[in-house]
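The structure appears right after this line, and notes come after that.
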Amino acid sequence: MNAALFPDLVVNGETVPHAVIASEAQNHDAPKGKPGIAWRKAADAVAIRTLLLQEARRRDLQPVPAEVGPGRFETDEEALIRGLLETALDVAPPSEEALHAEWARDPSRFRSPPLWEVSHILCACDPRDEAQRKAAEARATELADRACANPRDFAKLARENSDCGSKSSGGALGQLGPGDTVPEFEAVLRTLTEGEITKTPVLTRHGWHIIRIDAVADGAELPFETVRPKLAEAMEKAAWAREARSFVCQLVASATITGADLRTI
């Protein structure tokens, strides 16, 4: 092991095994051929975790693992850190004045989701199969040209050519909202205006689509009373994150650490 590239991590006299940092390094990105970067990121993360565990034990806290999913529980270390932060942090809910001020700063940020009335023509293929993909693209391109040249024929083209079950209704998919379709399809919906047809086919895992927006209902600006519960939750989470960061910085400031650089946390 290269001691310069992978130095020992020592936190307040406690040497952390290299295996612990190596395991953590799998969770951190680094350019190919530069494992030292992932190691340093992992060492920083492990140093913070070690500091928190040391503080939890100094306070004689006992782990009480919480259920985090059906049949899945925290590890003892996760439970100790959670218990420490719950004990050490005192984050007050935001006041009504703070909530209203945050909403009033830019009410347009808080809108109901848009709705799109959509029709499409699908030329199905497996995008991983190059021959299928190219053949379906050629067919979809020809259909897109015909649809754009004669928009009134869109439903007829869909009934006669689409590989989707919606062909029986002229390609109509009904109303769609965010998350109702695959990301590539939704991304295009957000760029189209009412009555517009995609001039070039759109590829998704289902194949190539020619998409028409039949109607658009833009999300309406939401009043403060509607926004308040989620805004309060978001502001409290942000405040908790700030307090947690401040608490960690205090631990770092009073600690003796080698093998990690926590000056920029």
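The values are calculated or read from the model by the stated rules, or taken from the named source; none is laboratory data. On a predicted model such as this, the values are computed, not experimentally measured, just so you know. Note that each Cβ is placed from the backbone with ideal geometry, even for glycine, and that neighbours are counted across all protein chains shown.
Quick rundown of the values:
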{"quantity": "Condition met for VAL227 (part of a strand (DSSP E or B) and touching a residue at least 40 places away in the same chain (Cβ under 8 Å))", "calculated": "no"}
{"quantity": "Near pairs, Cβ below 8 angstrom, 6+ apart or cross-chain, from the stretch 243-261 (within 25 Å of GLY36 (Cβ to Cβ)) to any residue that is charged (D, E, K, R) and surrounded by 12 or more Cβ atoms within 10 Å (Cβ to Cβ)", "calculated": "THR258/ASP8; GLY259/ASP8; ALA260/ARG40; ALA260/ASP44; ASP261/ARG40; ASP261/ASP44"}
{"quantity": "Conditions (1) under 25 Å from THR264 (Cβ atoms); (2) of a type in the set (Gly, Ala, Ser); (3) more than 28 Å from the chain's Cα centre (by Cα); number of the one not met by SER95", "calculated": "(1)"}
{"quantity": "Residue match in the stretch 35-42 (condition: of a type in the set (Phe, Trp, Tyr), in contact with a Phe, Trp or Tyr (Cβ under 9 Å, 6 or more places away or on another chain) and either in the same structural domain as TRP240 (by TED's automatic domain parsing) or at negative phi (or both))", "calculated": "yes"}
{"quantity": "Unique match (being outside any helix (DSSP H, G or I) and in contact (Cβ under 8 Å) with a residue 40 or more places away in the chain) among ALA239, ALA147, ALA215", "calculated": "ALA215"}
{"quantity": "Residues (surrounded by 14 or more Cβ atoms within 10 Å (Cβ to Cβ) and either touching a Lys or Arg at 6+ places or on another chain (Cβ under 8 Å) or of a type outside the set (Asp, Glu) (or both)) located in the stretch 136-150", "calculated": "ALA136, ARG139, ALA140, THR141, LEU143, ALA144, ARG146, ALA147, CYS148"}
{"quantity": "Residues of the stretch 14-43 that turn out to be of a type in the set (Gly, Ala, Ser) and in contact (Cβ under 8 Å) with a residue 40 or more places away in the chain, as a count", "calculated": "1"}
{"quantity": "Some residue of the stretch 45-55 being over 19 Å from ALA79 (Cβ atoms) and touching an Asp or Glu at 6+ places or on another chain (Cβ under 8 Å)", "calculated": "no"}
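Listed here are the residues, each with its yes/no results for (1) on the phi < 0 side of the Ramachandran plot; (2) touching a helix residue (DSSP H, G or I) at 6+ places or on another chain (Cβ under 8 Å).
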residue	(1), (2)
VAL10	yes, no
GLY13	no, no
ASN27	yes, yes
ALA45	yes, yes
GLU55	yes, yes
ARG72	yes, no
ARG109	yes, no
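Here is a yes/no grid of residues against (1) surrounded by 12 or more Cβ atoms within 10 Å (Cβ to Cβ); (2) out of contact with any strand residue (DSSP E or B) (no Cβ under 6 Å at 6 or more places or on another chain); (3) small (Gly, Ala, Ser):
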{"site": "VAL11", "(1), (2), (3)": "yes, no, no"}
{"site": "HIS18", "(1), (2), (3)": "yes, yes, no"}
{"site": "THR75", "(1), (2), (3)": "no, yes, no"}
{"site": "LEU84", "(1), (2), (3)": "yes, yes, no"}
{"site": "ASP90", "(1), (2), (3)": "no, yes, no"}
{"site": "ALA98", "(1), (2), (3)": "yes, yes, yes"}
{"site": "ASP106", "(1), (2), (3)": "no, yes, no"}
